[in-house]
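These notes concern the structure reproduced below.
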Amino acid sequence: MSSPAAPSPADRPSLVALFRAFAVVSLSGFGGALPWARLMIVERKRWMSAEEFNEAFALSQFLPGPNVINFSVVFGARFGGAPGAAVALAGLLGPPLAIVMVLAILYARFGGVETLSRILAGVTAAAVGLLIAVVAKMAAPLFLSRWNSGPVIAILAFIGVAIMQWPLPIVFAVLAPVSVGFAWFKR
């Protein structure tokens with residue numbers, strides 16, 4: 001995995017832009033913010049290439065905690081150091097926190113209504129569709145580039161977790177050294 005070059009000062013978003021971008025991501029990301037983070041960062045703002053996004057996201061998956069939260073910190077730190085990490089995290093968490101607090105109060109009062117249950121089932125289906133779409137977009141650079149270990153590792157991880165139903169930490173423990181080995185011999 002090559003380390004991406006540091007962005008030039010002209011390419012760096014301001015702290016306000018970081019906050020706004022992650023606030024928009026968090027307010028758009030019903031059921032999962034990752035598709036919206038990729039759309040904002042790679043396709044709209046062009047702050048990262050698809051490959052850089054995948055590398056930063058891969059790093060965030062190995063850190064403890066939710067992936068998109070880790071990603072906001074990794075991304076914010078890359079563009080603004082510690083203040084950038086804090087601002088991106090605040091943009092990601094602040095708006096939904098306020099909304100969730102209000103919704104929790106409303107759900108406590110109206111949670112037994114049948115229509116609400118049906119609405120939540122529809123939202124769940126939409127979230128699954130968004131997740132499938134972002135996986136396809138993230139996988140495209142791996143499968144379309146010259147042969148590399150990415151597709152092999154992805155397929156092995158899928159087999160281990162989805163088919164064999166092995167615990168995720170075991171799959172990571174096995175595939176991380178395999179991935180490092182592929183990268184070592186490829187260089």
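The values are calculated or read from the model by the stated rules, or taken from the named source; none is laboratory data. Every value quoted in this text rests on a predicted model; they were computed, and no experiment measured them. Cβ atoms come from the backbone with ideal geometry, glycine included; neighbour counts cover every protein chain shown.
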query = Is it true that some residue in the range 110-126 is in the same structural domain as PHE57 (by TED's automatic domain parsing), touching a Pro at 6+ places or on another chain (Cβ under 7 Å) and of a type outside the set (Ser, Thr, Tyr)?
reply = no
inquiry  = Criterion first (touching a Gly at 6+ places or on another chain (Cβ under 8 Å), more than 30 Å from ARG20 (Cα to Cα) and touching a residue at least 12 places away in the same chain (Cβ under 8 Å)) does VAL152 satisfy it?
reply    = no
query = Scanning for something in a helix (DSSP H, G or I) and touching a residue at least 60 places away in the same chain (Cβ under 8 Å), does the range 106-121 turn up at least one residue?
reply = no
query = Within the range 44-60, can one find any residue that is at positive phi, at pLDDT 85 or above and either outside any helix (DSSP H, G or I) or among the basic types (Lys, Arg) (or both)?
reply = yes
remark   = Residue set PRO66, PRO83, PRO96; condition surrounded by fewer than 18 Cβ atoms within 10 Å (Cβ to Cβ), within 28 Å of ALA136 (Cβ to Cβ), in contact with a Gly (Cβ under 9 Å, 6 or more places away or on another chain) and modelled with pLDDT of 85 or more; output residue PRO96
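A quick yes/no check of all residues on (1) out of contact with any Cys (no Cβ under 7 Å at 6 or more places or on another chain); (2) loosely packed, with under 12 Cβ neighbours inside 10 Å; (3) over 27 Å from ILE41 (Cβ atoms):
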position: ILE105; (1), (2), (3): yes, yes, yes
position: GLU114; (1), (2), (3): yes, yes, yes
position: ALA125; (1), (2), (3): yes, yes, no
position: MET138; (1), (2), (3): yes, no, no
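Could you list, in sequence order, all residues of the range 125-167 that are of a type outside the set (A, V, I, L, M, F, W, C), part of a helix (DSSP H, G or I) and at pLDDT below 85?
Residues satisfying the conditions are LYS137, PRO141, SER149, GLY150, PRO151.
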note = Of the residues in the range 2-26, those that are at pLDDT below 90 and among the hydrophobic types (A, V, I, L, M, F, W, C) come to ALA5, ALA6, ALA10
